[in-house]
Amino acid sequence: MSKRQSLVAANWKMNSNLASMKPLVDAIKAGLVDNNDVDVAICAPSLYLPELEQRLAGTGIAVGAQNVSEHEAGAFTGEISTTMLNDFNCHFVIAGHSERRSMYAENDELVADKFAQIQSAAMVPILCVGELLSEREAGLTEEVVARQLDAVLSKSGVAAFSQAVIAYEPVWAIGTGKTASKEQAQEVHEFIRQRLAQQDSTIAAGIRILYGGSVKADNAKELFSMTDVDGGLIGGASLKANDFLAICRAAR
Ligand code: PEP
């Protein structure tokens with residue numbers, strides 16, 4: 001089948017503020033006028049989603065969030081619900097980013113709960129999976145990625161992956177300047193697709209699997225050229241409009 005339409009999603013993490021996001025978003029918008037070839041999303045801190053929604057209205061660039069509560073509503077001080085995200089036209093929500101897994105103790109079951117909650121509110125999860133350096137060195141990459149994937153598969157079933165995006169993000173490559181080689185990325189992306197194909201080959205063929213981990217303007221093209229790499233989840237380089245735009249162009 002022909003390759004899936006690429007998606008490039010910015011993950012601002014806990015960066016930017018109102019003053020800096022406005023010129024950043026406006027420059028991205030201006031650089032993507034007439035773009036029909038690649039889907040683009042910006043996952044911003046939740047506090048800025050109202051501003052982002054307004055600025056992106058009518059552009060085709062999707063609004064995304066970086067995290068959400070697994071609960072629908074209630075006494076969860078400091079948390080943000082899917083209902084709240086829905087108020088701001090949020091389309092994508094990242095689930096299970098490695099920073100949430102490692103710094104906020106989000107385990108596979110919690111990530112699976114978040115994934116299910118996001119879908120129950122009609123938004124699209126971007127499920128992050130990926131191994132630590134020590135796990136790669138111990139030859140455990142596939143085992144770790146399979147475990148992270150299987151937690152979601154057993155809770156939500158393979159059909160749920162027809163409305164989801166997966167991001168393979170080797171933890172050792174995130175924010176480190178070390179990128180997986182295009183062959184390393186392809187190997188794991190293919191493994192993920194095959195694991196889904198064991199349950200449903202159509203869903204496996206259709207799902208977008210993004211690569212994340214120090215994607216930059218100068219390495220994006222070769223990573224995105226690989227058969228099973230359908231775009232990227234971009235951290236650091238998404239904070240500079242020119243860099244992010246170059247990465248979007250590389251995904252065409
Ligand atoms: C990320 O946080 O999802 C990410 C890929 O970050 P960076 O591009 O900075 O490595």
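Key figures for this structure:
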item	result
Test: residue in the range 173-185 that is more than 16 Å from the ligand (Cβ to nearest atom) and surrounded by fewer than 20 Cβ atoms within 10 Å (Cβ to Cβ)	yes
Answer residue from the range 23-52, given it is outside any strand (DSSP E or B) and in contact with an Asp or Glu (Cβ under 9 Å, 6 or more places away or on another chain) and is nearest to M123 (Cα to Cα) among those	L49
L133, sole failed condition from (1) hydrophobic (A, V, I, L, M, F, W, C); (2) open to solvent by less than 60 Å² (accessible area, probe 1.4 Å); (3) touching a helix residue (DSSP H, G or I) at 6+ places or on another chain (Cβ under 8 Å)	(2)
The range 196-230, residues that are more than 11 Å from the ligand (Cβ to nearest atom) and among the polar types (S, T, N, Q)	Q198, Q199, S201, T202, S225, T227
So V8, is it assigned to a strand (DSSP E or B), closer than 21 Å to I166 by Cβ and without any contact (Cβ under 8 Å) to a residue 60 or more places away in the chain	no
First in the range 229-240 and at positive phi, second anywhere and in a helix (DSSP H, G or I), Cβ under 7 Å, 6 or more apart	G231/F224
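The values are calculated or read from the model by the stated rules, or taken from the named source; none is laboratory data. For clarity, every value in this text was computed on a predicted model and none was experimentally measured. No Cβ is skipped: glycine too gets one built from the backbone with ideal geometry, and neighbour counts run over all protein chains shown. With ligands, DNA and RNA removed, areas are computed over all heavy atoms of the protein, side chains included. Shrake-Rupley method; radii C 1.70, N 1.55, O 1.52, S 1.80 Å.
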